[in-house]
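Worksheet: the structure to be examined is printed underneath.
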Amino acid sequence: MAKREADASGSASDLTNSNDYGGTVSPKSPEDERTEGPSSQHDQDLKSVLVTSILNLEKLDVDLYRGTHHWVPRTQRLFGGQIVGQALVAAAKSVSDNLYVHSLHCYFVRTGDPKIPVLYQVDRTRDGRSFTVRSVKAIQHGQPIFICQASFQMLQPSPLQHQFTMPQVPQPDDLLTVEELIHLYLSKPDLAEKSKQGLNKLLANEVPIEIKPVNPPHFYRSAASEPKKLFWVRARGYIGEGNMKLHCCVAAYVSDFAFLGTALLPYPNYRAHFSASLDHAMWFHNTFRSDEWMLYECESPWAGGSRGLVQGRLWRRDGVLAASCSQEGVLRVRPVTESSKL
């Protein structure tokens, strides 16, 4: 879809009209006050594909939108974070500029088909004085594949403010991206041919976010570990400061990436032959920029019954808790044989 046509029909760029956010801190994070250097100007020229394509919904009618796909996982099912992010874009278009999302609760009820677009139907459930609720249904082949409720709030300052402490980890400038790590492994002369093929497949994925693991995994050699992981993450390209409604939609997209796999970390001798998100919840606490590095702290407190529960926290670089997430998903596993190891 052309950028001009998308803007005329109600795209994610419409959300740029809003510049503040009803969080518990000032509307701009410290990163918003930075001086734009040459690299930042270059990023501005490379507008984030998350804004220009993935979250760029076409308006079909009042409270009815159509979304398309940019990146499809190797499972050939729709990426859950895309559906969450697009649904939040649709919901945010139906509320006034002084309302900002503080929570969303979603269920994935059917497998998404990557070959056709998704329709998003918004129901204006409630308009209150302080809180407003929107229900969104994602539809394919005439049936709902996803249902979501999002709650929006006006800015309401409060003397009650506390948060956990951000984990102490290396800064992103001192770490390698996933792509750089893969190239490093590919340079090893003793790497098996099958491992090379698997790593090259990972490189071929055009994922619209950047990731820098704090404790890089061995892509071709696994060891049991606690069901916890930490990685820095940001959207590729430039989005810009101040537009919190859009940054929340991007964060919703990011929040589902590599999330459920946290529950598999203690089990290197098993591999998921089927995994799928069942539900996803998210709470937004403070302002942030999704095109700046944030620390994603993920952990799995429980797994059983072919399901896994994961929880996550997104931290700004200055230690402010930006958002919290929770998800339960199906995890059906099989023992790993020597021939199937990457």
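The values are calculated or read from the model by the stated rules, or taken from the named source; none is laboratory data. Keep in mind that this is a model prediction, so the values were computed, not measured. Positions of Cβ are generated from backbone atoms using ideal geometry, with glycine treated the same way; all protein chains shown enter the neighbour counts. Just the protein is used for accessible areas: all its heavy atoms, side chains included, with ligands, DNA and RNA removed. Shrake-Rupley method; radii C 1.70, N 1.55, O 1.52, S 1.80 Å.
Below are the figures for this structure:
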{"item": "Residue check, A276 among the small types (G, A, S) and either over 18 Å from the mean Cα position of the chain (by Cα) or farther than 27 Å from M154 by Cα (or both)", "result": "yes"}
{"item": "Enumeration of residues in the stretch 127-153 that are among the basic types (K, R), in contact with a strand residue (DSSP E or B) (Cβ under 8 Å, 6 or more places away or on another chain) and under 19 Å from N98 (Cα atoms)", "result": "R134"}
{"item": "Which numbered condition N286 fails, given (1) over 14 Å from the mean Cα position of the chain (by Cα); (2) within 26 Å of R77 (Cβ to Cβ)", "result": "(2)"}
{"item": "Selection status of L155, at pLDDT below 90, open to solvent by 50 Å² or more (accessible area, probe 1.4 Å) and assigned to a loop (DSSP other than H, G, I, E, B)", "result": "yes"}
{"item": "Failed criterion for H141 (all others in (1) closer than 23 Å to L60 by Cα; (2) free of Cβ contacts under 8 Å to residues at least 60 places away in the same chain; (3) surrounded by 14 or more Cβ atoms within 10 Å (Cβ to Cβ) hold)", "result": "(3)"}
